[in-house]
Amino acid sequence: MTNDDLPIGRRVARWRVRRSMTQQMLADRLRRSKSWVDKVERGVRALDRYSVIQELAHVLRVDPEVLLGQQPSTPAGTPDGVDDIRAALARYDIPQSPAQAPEELRRQIGYAWLSYQHAHYGQLVRVLPGLLDAVQGVRSTEVLVPAYRITSSLLVKLDEADLAWLAADRAMAAAEDNQILAATATIAVAQALRASNRDHLALTASLTAANRILPSLPGLGDQEVCGTVGDQTARKPLDHGGEGRGWSAGEWALGGTLLVQAALAAAGCGEHRRAAELTDRAAGVAAHLRGYDDQHRTGFGPVVVELARVVLAAQRGDAEEALRRHSAVVRREAWRRLPAEYRGAYLMDVARAYLQVGDLRGAARALVDADSVAPAEVRCRPLARTVIADVARAQPAPAGVARLATLVGLTR
C-alpha cells in the first residue's frame, strides 16, 4: 500500500510518530481527548471537516495536503471530465451496481467536500461521476442533496453555469419537504443563477429561503430578513447547541449564508442599498454565533460577512473602499482559517478591484497570493484567465504574472 492509498487516520499516526509525539501529547496540543486521537488513527472516527484536518496539520507541522494524500501541484487548464459529470446527471435509470451503505456514501461525500475546500478540482471532477451514480442508487435525501450541491458548486467554478443550475435543481428536488436540506440546496441554486447572470432569480430564491429560517429563530422577531437592522448587541450568542425551537447555531449560519448570497445577488441587480441592508443583517446573525459544528458546510461567520463587504464595495465601483476593507480583514486570524477555495476565490475578486483603480502591481500580488493558496482557482478557472490577461498586458508584466500567463496558456 502506497502512502496515497493509506486512510487519513494512518497518515496522522505516521506523522505523529515522526514528530515523536504520543497520542496523549497530540491530544493535549489539540485540546482533545486521547480517546479521540486513538479513534481517528484507527479510522473509527471520520475526519471529514476541513478545519479539523487543518488543525491537525498545523500541530504535526505538515501541509494539509500531506494528510489528505494529495499532490500539491495543480496542472493548468480546465480539468477533463466535465462530460462524465454531464453524463452522470443525464442518467435517469438507477445504476445496476451494488448499492453502497449510506454511511459509506456520507464518508465519500465528506472527502469530496474536503477536496473542494482545498481546491483540488481535478481530483473532484474524476470522483463525482461515480459518486453521483452511487447516491442515485441509494435514493437517500441525506446523501443526494449534498452530492448534487457539491457538483453544482464545482461546475460554477468551471464556468458550466447551466449544468450547475441543473445539479442545484436536482438538490432542491431531492430535499423534498426537508426545510434545512432545501436551504442548503438553495445556496447552490443562488450561486448557479448568479453565475448565469440571473441575479433577480438568485435574489428571490436566496431571500425566500432565508426568510423561512431566520424569522423562526429566537431574537430575530417576526420581521423578514430584508427589514431594517435592529440592536444586535443585546442578544445572547448561540453556542454549538443552539437554543429554542430545536434550531442550532448551524441553522443560523445557514440563514446567514443565504443572506450573503442574497446581498451579492442584489448587488448584481444594481440594488446596492438593499445589498448593504442584507449584509448588515447577515452581520447581525454572525454576531450571535460562537464555535459550532459546521455540518451544513457554510463556513459562515463574521469574517465571511466582512469579505462580502469587500466584494460588494468593488461591485458598486468603490474599489478604494474595497481595498481599504481588504487590507484590514486579511490581517485577522479568522481569514487564515478559511478554506483554501474560499480564500483563493476571494483573492481573484480582490485582483479585479485592484484593476479598477489601475494598480497592476496590487492585482499581480493578489493573483500570486491566490495561486499560492489555491492554485486551481488561478490555473483551472476560465474566469481567472481574463484577469491574468489584463494584468499581463503591462510592459513589463508584474513579477509572477508572466509565469501564470504561461501556465494557463496565455501569450502577451
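Using heavy atoms of the protein chains and a probe of 1.4 Å, the accessible area assigned to Glu55 is about 70 Å². This model, with +1 at the C-beta of Lys and Arg and -1 at the C-beta of Asp and Glu, gives region 74-193 a dipole about its Cα centre of some 220 debye. Near Glu377: Cβ cut-off under 9 Å, other residues only, Lys/Arg at +1 and Asp/Glu at -1. The net charge is +2. For the chain, carbon and sulfur atoms together expose 48% of the accessible surface, with a 1.4 angstrom probe and every protein chain in place. Once Cα extents along the principal axes in Å is calculated for the structure shown, the corresponding label among (1) 166, 49, 35; (2) 57, 53, 50; (3) 72, 58, 44 turns out to be (2). Residues Lys34, Lys39, Lys157, sorted by accessible area with the largest first, give Lys34, Lys39, Lys157 [1.4 Å probe; ligands and nucleic acids excluded]. For Leu289, the residues 5 or more places off, or on other chains, whose built amide H falls under 5 Å of its own are Leu238. Rolling a 1.4 angstrom probe over the protein heavy atoms with all chains in place gives the chain an accessible area of 45 Å² per residue. Accessible area per residue (1.4 Å probe, heavy atoms of protein chains only) ranks Ser196, Ser33, Ser372 as Ser372, Ser33, Ser196, with the largest value leading. Computed from point charges on the beta carbon alone (+1 for Lys and Arg, -1 for Asp and Glu), the dipole magnitude for the chain about its Cα centre is near 1340 Debye.
Taking the Cβ of Glu341 as the center, what net charge do the other residues with Cβ under 15 Å away carry, scoring Lys and Arg +1 and Asp and Glu -1?
+3
Using a probe of 1.4 Å on the protein chains alone, the accessible area found for Cys269 is around 30 Å².
The values are calculated or read from the model by the stated rules, or taken from the named source; none is laboratory data. Treat the numbers as computed from the prediction; the structure is a model and nothing was measured. For neighbour counting, all protein chains shown are included, and Cβ atoms are generated from backbone atoms with ideal geometry for every residue, glycine included. When the accessible area is computed, the model is the full protein with side chains, heavy atoms only, and any ligands, DNA or RNA have been set aside. Shrake-Rupley method; radii C 1.70, N 1.55, O 1.52, S 1.80 Å.
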